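Reviewing the structure listed below.
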Amino acid sequence: MKTLGKSFVLCVCMLLVFCICACGEAPAPDLPTDGMPTVITPEATSELIRESSSAETEGSAGAEHTPCTSITLLPEIWRMNRNVVPKREAAACLAEIMLESMCRPDGSRAFTFDHWKLTGLTFDPSFDALKPDNRHGQLNAGVVAGNTYIVHLNFSFSFSGEYGELEEGKFYEFRQVEQDVPLIFLETDDEYLMWWASAYPGTNCPREVMEFIGMELSETLETEPPDTRHMSVTSVPGVYRMSKAGLSRDEGVRLLVDEMLKAMSVPGGDRTFTVLEYRDLQIRFFSSDRVFVEGDPVRAKNTWGVSIRAEFRYRGTYSPIGPSLDESKWWSGLRTGGDTANLLVFLETEDEYLIWWKNAYPVNSEDPYPPEAEGLFEY
């Protein structure tokens, strides 16, 4: 009996050691574990996307990489093995995986989530998007199929870095609406996949999954230029200028900002939005050497950085708010983002004041400032 008792205790100890070791190791990525889905990480998916798009980027190695400033523009696919998980639960799981991945710094993004919480999710067959009362006007009909679904998310989050024109360190509620370009959820024989349709202009679908939907990569799609319309005031090119006429810098910049915002009140084909009205305009000046990097041609003795903040109403789609469903609502999103992000350049000459958006003329581009400013800088 004593020998039997010792053998029993020994077996139990060995079983405990085995369980502890098993819990400390991640399961093989291609094998199901207790019926739970196996997740392929976004990092691995990003590598697949880079490999599949190498032919497209060949010859453009010197092109400047611009980190995304919105989660809806990230060209990534979040995917998981089907196993026994129902579709809607899989969509919620992938949404949480996507949001959690935003908490890890990544060079493809200008932001990193500090906190997030999923607060709502809708999951519908993609054919519902074609119904007259639920139409996604910007969605490519090619992604509508029997094995695709539309996912809308609501989540709260805070972030570090740059996210559209929001200020870091505060909590925001991301609300996806029916008219917006949504998340697409795809079911194949082996996997569930999900991606932002807005991250793939034109097709709304990454090339590597088109065959699973039945989409063909025609020459039209291959050569169709992406939608390059501006989604916020900070990226719209153009210079505004006026005679000094005895006006101070403060008076001049206010008049020029007013002129710029009034220009946004006229519908334009190069913009996704129209400013209907604005109020409570606030303006701040910053010295040129503080906000413009050394070597930037706009860093001069007679230039300043200018940030603005205002409440506004708009029609259309404005980043990062989204489509305007209620044009009577006032938003505080008409701002440059923090103190020294997305600035205006203010230039003073002997006779004139000029102003333009810095983001519209990147320092590494062929035109780092508008042609009207040529020869007016004092170094």
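Give the range 286-299 a look and list any residue that's in contact with a Phe, Trp or Tyr (Cβ under 8 Å, 6 or more places away or on another chain) and surrounded by fewer than 19 Cβ atoms within 10 Å (Cβ to Cβ), or say none. Working first, answer last.
First, pick out the residues of the range 286-299 that are in contact with a Phe, Trp or Tyr (Cβ under 8 Å, 6 or more places away or on another chain): 286-288, 297-299.
F286, S287, P297, listed by residue number.
Exactly one condition in (1) touching a residue at least 40 places away in the same chain (Cβ under 8 Å); (2) of a type in the set (D, E, K, R); (3) surrounded by 15 or more Cβ atoms within 10 Å (Cβ to Cβ) is false for R254; which is it?
Checking R254 against (1) touching a residue at least 40 places away in the same chain (Cβ under 8 Å); (2) of a type in the set (D, E, K, R); (3) surrounded by 15 or more Cβ atoms within 10 Å (Cβ to Cβ), the one that fails is (1).
For the subset of the range 76-96 comprising residues that are in contact with a helix residue (DSSP H, G or I) (Cβ under 8 Å, 6 or more places away or on another chain) and modelled with pLDDT under 90, which member is least open to solvent (accessible area, probe 1.4 Å)? Full working, then the answer.
Of the residues in the range 76-96, the ones in contact with a helix residue (DSSP H, G or I) (Cβ under 8 Å, 6 or more places away or on another chain) are 76-80, 82, 85.
Next cut, modelled with pLDDT under 90 only: 79-80, 82, 85.
Numbers: R79: 38, M80: 0, R82: 69, V85: 23 Å².
This residue is M80.
Conditions tested, residue by residue: (1) at pLDDT below 90; (2) surrounded by fewer than 16 Cβ atoms within 10 Å (Cβ to Cβ); (3) within 30 Å of F155 (Cβ to Cβ); (4) more than 21 Å from the chain's Cα centre (by Cα).
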{"residue": "R313", "(1), (2), (3), (4)": "no, no, yes, yes"}
{"residue": "S319", "(1), (2), (3), (4)": "yes, no, yes, no"}
{"residue": "S324", "(1), (2), (3), (4)": "yes, no, yes, no"}
{"residue": "E327", "(1), (2), (3), (4)": "yes, yes, yes, yes"}
{"residue": "A341", "(1), (2), (3), (4)": "yes, no, yes, no"}
{"residue": "L344", "(1), (2), (3), (4)": "no, no, no, yes"}
{"residue": "K358", "(1), (2), (3), (4)": "no, no, no, no"}
{"residue": "P371", "(1), (2), (3), (4)": "no, yes, no, yes"}
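Taking the residues in the range 97-107 that are farther than 20 Å from D124 by Cβ, out of contact with any Leu (no Cβ under 8 Å at 6 or more places or on another chain) and outside any loop (DSSP other than H, G, I, E, B) as candidates, determine which candidate is most open to solvent (accessible area, probe 1.4 Å).
Only one residue fits best here, namely E100.
Please indicate, with yes or no, whether at least one residue in the range 278-285 is crowded, with 18+ Cβ neighbours inside 10 Å and either in a helix (DSSP H, G or I) or in contact with a His (Cβ under 8 Å, 6 or more places away or on another chain) (or both).
no
The values are calculated or read from the model by the stated rules, or taken from the named source; none is laboratory data. Bear in mind the structure is a predicted one, so any value in this text is a computation, not a measurement. Methodologically, a virtual Cβ is constructed for each residue, glycine included, from the backbone with ideal geometry; neighbour enumeration extends over all protein chains shown. Note: areas computed on protein heavy atoms with side chains; ligands, DNA, RNA excluded. Shrake-Rupley method; radii C 1.70, N 1.55, O 1.52, S 1.80 Å.
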